[in-house]
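Okay, structure first, notes after.
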Amino acid sequence: MTGGNYDLKTGEGLIACPRCDALHIEEELNEGETARCVRCGTVLAKPRGGAFVQIIALSLTSVLLLVGAIFFPFLEISRMGFGNATSLFGVALAFAEGPLLPLVLAVLAMVIGLPITRAFLLLYTLVPLAKGRPPHKYAADAFRISEELRPWSMAEIFVIGTAVALVKVAGLAQVHLGPAFWAFCALILVNAASRGFMCQTTIWDEIEDAGLKTDGREQVPGE
Amino acid sequence: MSENTPPVMTAHRAGLVGCRSCGRVWPEDTAICARCHAKLYKPDRRRLQLVWAWLAAGMICYIPANLFPMMKTQTFAGLSGSSEATIVEGVIELIHYGSYDIALVVFVASIVVPIAKFVAIIWLGVVAGKPATVEDAHSRLRIYEVVEFIGRWSMIDVFVVAILSALVQLGFVVSIHPGPAAVSFALSVAFTMLSAQSFDPRLIWRGLPLHSSKNVNGTE
């Protein structure tokens, strides 16, 4: 137990709820425990055993799925002998005409770019920690940016969009689902699992305790 | 379960500032969190200006998004007619096809959610920091969380247009092209997401009277 050691002048040993600003005394939780804010109930920490290795594995999986999703055909349609297959790049390039060009980049980024970037940022942050080594130099920035990008990575919304598009096209032509579509469906499950294992507070504590240079104020908790 | 909840001490009342990215607490005049390098800022109603600015941008972009066509369908090289559909017309078309469930998804994602979000953000911005009871604060936080969660789902319609116009390129027979509304709708969704992200939920709780939990004890 390392709780109880705090300083109201400097904020040392304290945690503020990001949602309601209530102060809490920092304590090391046991695996499987969940800490909630006393005032608003926001989950402050929920460490899970082996979470780092799981998140690393899931991040690698999502990189592989995304790379596959780029190159394999996504959907194919045919009508009266005319056929067309499209990969994800085809989807984004549909906007490449004139003033719609910026949307190409935005769609590509939200569907493929950001999920891959986030996976790599997580790997960069977590691989040294899982091996028990000191974190990389920019681990804190990498993890913070990965969290900030989370709402903008929209793979799962893209899948629902595909479902709607399928219904609209059904009247016009026959549609076949390509491997890239199934890769995206798998990606939703992988992301959900990764989210379940993720505890930001634990990762921040680990980055700090594993010796990232901050301000020398960090204290490695002695059991 | 503690029946006797002590008054809640916040970082702000203690003269400290909490990092909204990693939770660390710093003296009030610290500018950047030394642990995660995020910018630190106090819960202050002046920051609501950011919310209003992004919201205005989002609402302005939502107008052309409804007036211009989302996509243009050409059948037989335009001989058997080409049709342009705005968001609302797209929904009506889906109802004509008999796919009511999908029509509902598009209607909710492109019309109900954006408008409900505008209303919710305006309301949150107006009441933030104003006096509130604990119950009020909880329901406001709930609404904030819903707005934050649901905003990105409005992108569905943009993706639908992207997929359709990439896929339905059967030359002479039928082809679909994206319309200008796709861009302004995407921008509207993005701006509203930024607006929701710049709202500081800690303001919701600043409206509570000091030691409120003490007073509420007897009545609960």
Could you tell me which Cys residues in chain A have no other cysteine's Cβ under 4.7 Å from their own Cβ, answering none if every one has a partner? A:185, A:199
Checking the cross-link filter: which lysines have an alpha carbon closer than 17 Å to that of residue B:130, excluding same-chain neighbours under 8 positions apart? B:42
I need the GluC sites (Glu not before Pro) found in segment A:1-69, filtered to DSSP loop residues with at most 15 other beta carbons within 10 Å of theirs. A:28, A:31, A:33
Two pseudo-spin positions, 7 Å from Cα along C-beta at residue A:42 and at residue A:67, lie apart in nanometres by 3.7
Residue order, fewest to most beta carbons within 10 Å, for A:7, B:101, A:141, B:157: B:101, A:7, A:141, B:157
Residue range of chain B that is longest and free of chymotrypsin sites (Phe, Trp or Tyr not before Pro) which are both DSSP loop and sparsely packed (at most 16 other C-beta within 10 Å): B:42-171
Global size of the protein assembly as shown as Cα Rg and Dmax, reported in angstrom: 24.6, 79
Candidates B:173, B:161, B:88; GNM for chain B (alpha-carbon contacts under 10 Å) flags as most fluctuating B:173
What average count of beta carbons from other chains do you get within 10 Å of the Cβ of residues in B:189-198? 1
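Which of the DSSP-defined H helices in chain B satisfy a minimum axial length of 20 Å, computed from C-alpha atoms, and a minimum mean Kyte-Doolittle hydropathy of -0.5?
Values: long enough: B:48-67 (29 Å, 1.40); B:113-127 (21 Å, 2.25); B:134-150 (24 Å, 0.10); B:180-198 (28 Å, 1.24).
Membrane-span-like by this criterion, though nothing is claimed about a membrane: B:48-67, B:113-127, B:134-150, B:180-198.
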For residue A:168, give me every one of the aspartates and glutamates with a C-alpha distance below 15 angstrom, ignoring sequence neighbours fewer than eight places off in its own chain. A:76, B:84, B:89, B:93, B:101, B:157
Magnitude of the Cβ-charge dipole (Lys and Arg +1, Asp and Glu -1) of the protein assembly as shown about the Cα centre, nearest 20 debye, reported as 560
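Rounded to the nearest 20 debye, what is the charge dipole size of segment A:49-212 about its Cα centre when +1 sits on each Lys and Arg Cβ and -1 on each Asp and Glu Cβ?
With only Lys, Arg, Asp and Glu charged at Cβ, the dipole is about 300 debye.
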Rank these for me by crowding, B:91, A:63, A:164, going from fewest to most other beta carbons within 10 Å. A:63, B:91, A:164
Return the average number of partner chain Cβ atoms within 10 angstrom of each residue Cβ along peptide B:90-101. 2
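Please list the helices of chain A that count as membrane-span-like by this rule: a mean Kyte-Doolittle hydropathy of at least 0.5 together with Cα atoms stretching 18 Å or more along the helix axis, each helix being a complete DSSP H run.
Working: long enough: A:51-71 (30 Å, 2.38); A:114-130 (23 Å, 1.62); A:155-170 (23 Å, 1.94); A:179-197 (27 Å, 1.29).
Answer set is A:51-71, A:114-130, A:155-170, A:179-197.
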Order of B:24, B:152, A:36 under a 10 Å beta carbon neighbour criterion, fewest first: A:36, B:152, B:24
Just order B:132-139, A:187-194, A:107-114 by mean Cβ neighbour count inside 10 Å, highest at the front, would you? A:107-114, A:187-194, B:132-139
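Every number here is computed from the coordinates shown, using simple stated rules; none is lab data. This one's a predicted model, so the numbers in the text were calculated from it and none came from an experiment. Because the Cβ atoms are built from the backbone with ideal geometry, glycine has one as well, and the counts that use them run over all protein chains shown.
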